[in-house]
Every structure is written in structure tokens, then in C-alpha cells.
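Derivation of every value follows stated rules applied to the coordinates shown; laboratory data play no part. Everything numeric in this text was worked out from a predicted model, so none of it was measured. Cβ: placed from backbone, ideal geometry, glycine included. Neighbour counts: every protein chain shown.
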Amino acid sequence: MKARVFVTLKPGVLDPQGKAIHHALEGLGFAGVNDVRAGKLIELDLAEGTSDEDIEAMCRKLLANTVIENFRIERMTDA
Amino acid sequence: MKTAVVVFPGSNCDRDLAVALEQVTGRAPTMVWHRDSELPEDVDFIGLPGGFSYGDYLRSGAMAARSPIMRAVADAAARGVPVLGVCNGFQVLTETGLLPGALMRNAGLNFVSRAVELRVESTQSLFTSAYESGETIRIPVAHHDGNYQADAETLDRLEGNGRIAFRYAEEVNGSARRIAGILNVSGNVLGMMPHPERAIEAAHGNTDGRRLLEGLLEAVA
């Protein structure tokens with residue numbers, strides 16, 4: 001069983017990397033990009049029966065720093 | 001004074017901190033490996049050094065914060081043992097929750113490596129008693145993730161309770177309210193991005209960092 005964890009900066013938290021990407025896109029001539037936020041995608045290969053609570057605990061204890069980051073868990077069906 | 005320095009894989013200022021502690025206290029610290037689960041008995045001070053523990057994987061300090069020795073460090077901090085986290089050590093302290101907030105990528109995206117001026121904001125701690133309030137000191141920084149951020153409520157609380165130990169006198173990395181170092185509620189845990197162990201002897205350019213350790217020695221001894 002696989003799950004994906006998306007870790008993103010909370011709204012309002014300054015994202016210097018996103019800003020740099022934004023500038024680079026503009027430098028390449030892509031107009032109309034209003035904002036860029038960079039985050040992380042973590043793929044977990046899990047034992048069958050791993051509960052949502054377990055995955056959430058992984059996120060809270062390590063994968064995300066909840067002071068500055070939000071996370072979203074997406075279970076993948078038969079990857 | 002019996003001191004200990006924790007060494008993580010990727011620490012690179014552990015020996016500088018050890019040399020500084022030996023010079024000031026007259027006694028070499030015990031170097032404690034991250035996999036150890038116990039600190040030396042009756043330790044009077046714990047240092048978390050700078051560097052790139054675990055290659056900064058996931059987030060700076062994130063892996064080190066979950067290593068076995070950090071449970072012992074948290075227990076010791078709760079008993080009132082002074083703990084100083086420098087640079088990566090500061091990142092480890094925020095990741096363990098011993099200090100609030102987080103250290104993010106420098107606002108300018110560049111790695112900043114130079115001596116900077118700091119204003120001593122609080123002299124009411126074990127670490128800052130040898131300084132004068134409002135004094136400007138010069139301490140080197142060398143970091144990529146030194147941009148201190150916390151929510152407004154936390155920042156107000158830090159300011160209101162005199163828990164901001166040092167502020168940058170100039171813009172360095174985008175830190176909220178120019179915070180360079182903060183204390184925990186009890187005042188026995190200090191995290192700071194600048195490296196006091198790099199300003200210990202005349203050959204370093206100045207000795208402003210030495211007074212931090214001297215003040216601590218006096219307060220603890």
C-alpha cells in the first residue's frame with residue numbers, strides 16, 4: 001500500500017524558494033504567473049493495514065513541521 | 001564546570017565548541033554521540049554545535065531532533081541544565097520544540113558567512129549576564145537557514161518576556177523582528193544562529209563570544 005504526503009508551507013509563511021522560482025519563470029518569459037509556493041512530496045510504501053492515524057502521526061512527529069507547514073495525505077489505490 | 005557537546009553525523013563545529021569550552025572552563029567537554037541515550041552524570045552544561053546534521057535532510061535539524069540523545073537533552077533542560085544550541089544546534093532546538101518557531105531558508109536565498117553586529121537584548125539569563133543591555137557585539141554567522149519565523153503571538157510573547165537574547169543590528173537573513181537568538185521560558189535554553197565559539201581568542205578577530213561562556217561559567221559555578 002502506498003501513500004503520498006504533501007507538505008506545504010502554511011499560507012502567509014514567506015517562501016523564498018517559491019519567490020526565486022517565480023522570478024526564474026518570469027525571466028524565461030512566462031507571463032501571468034501570480035505566485036509560486038514550493039513544497040515537498042513524500043511517498044510512503046506501507047504495510048497493509050497501516051491506519052490513517054498512523055500516517056497522520058508520522059506527519060506530525062517528523063514529516064511536517066507544523067509550526068510552519070501543513071500536510072495532506074493521499075492514499076494511493078494499487079500503485 | 002562539567003560540560004558536554006553532542007555530536008551528530010554532519011556536525012562540523014563540535015570541535016570548535018569543545019576548544020572554546022576547554023579554554024574558558026579549563027576542562028575538556030565530554031563529546032556525546034547522537035546515538036547515546038545518556039549524558040554524563042552531573043553535567044552542568046550541554047552544547048549543540050553547528051553544522052549540517054544528517055545533511056539537512058527533510059529540514060535543517062529535523063533528523064537530529066529525533067535522535068536518542070535529544071530525549072536526554074530535553075530531560076536535562078527540564079531539570080534546569082543550561083543548553084546552548086548554535087546555528088544547526090538552534091535548528092535542532094526548534095525542531096524538538098524546546099524553543100518556539102522555526103528557522104527557514106534565508107530570505108535572500110544566499111548562504112551568509114560573515115561577522116555581523118548583534119544587539120544584546122536581554123542580560124537576564126545565564127548566557128548573557130556578562131554583557132551589558134543594549135551593547136553591540138560582533139559574532140560570525142555562517143548559515144543558509146537562519147531566517148527565524150514564528151506567529152505574531154509567539155513573537156510578542158518572546159519580546160514581552162525578555163526572551164529575545166540577541167537581535168541582528170543589521171539585516172542578515174530576513175528573521176522576524178531581526179531575531180538572532182532566543183531563550184526558553186525558564187531562561188536555561190538558548191538558541192542562536194551566530195557562532196560565539198568563533199569569537200573566543202584574539203586570532204579570531206574579536207573575543208565577544210568568549211564572554212557568553214565566561215558569563216555562563218560564573219553563573220553556574
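Screening the candidates B:S122, B:S113 for the property of being buried (at least 17 other Cβ atoms within 10 Å of the Cβ) and hydroxyl-bearing (S, T, Y) yields one hit, B:S122.
Counting only helices (runs of 4 or more DSSP H) that fall entirely inside the range B:1-108 and contain at least 1 residues that are within 14 Å of chain A (Cβ to nearest Cβ) and not hydroxyl-bearing (S, T, Y), the qualifying elements are B:62-65, B:68-78, B:88-96. Within the range B:149-164, the residues that satisfy the criterion of being more than 11 Å from chain A (Cβ to nearest Cβ) and not polar (S, T, N, Q) are B:E153, B:L155, B:D156, B:R157, B:L158, B:E159, B:G160, B:G162, B:R163, B:I164.
Condition test on B:V81, is it touching a strand residue (DSSP E or B) at 6+ places or on another chain (Cβ under 7 Å) and either crowded, with 19+ Cβ neighbours inside 10 Å or of a type in the set (A, V, I, L, M, F, W, C) (or both)? When the stated conditions are applied, B:V81 passes them.
Quick grid of which residues meet (1) more than 22 Å from B:Q91 (Cα to Cα); (2) surrounded by 14 or more Cβ atoms within 10 Å (Cβ to Cβ); (3) touching a helix residue (DSSP H, G or I) at 6+ places or on another chain (Cβ under 9 Å):
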residue: A:Q17; (1), (2), (3): no, yes, no
residue: A:A20; (1), (2), (3): yes, yes, no
residue: A:G29; (1), (2), (3): yes, no, no
residue: A:D35; (1), (2), (3): yes, no, yes
residue: A:A38; (1), (2), (3): no, yes, yes
residue: A:E48; (1), (2), (3): yes, no, no
residue: A:R60; (1), (2), (3): no, no, no
residue: A:I73; (1), (2), (3): yes, yes, yes
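When the range A:31-79 is filtered for residues that are touching a residue at least 12 places away in the same chain (Cβ under 8 Å), within 14 Å of chain B (Cβ to nearest Cβ) and polar (S, T, N, Q), only A:N70 remains.
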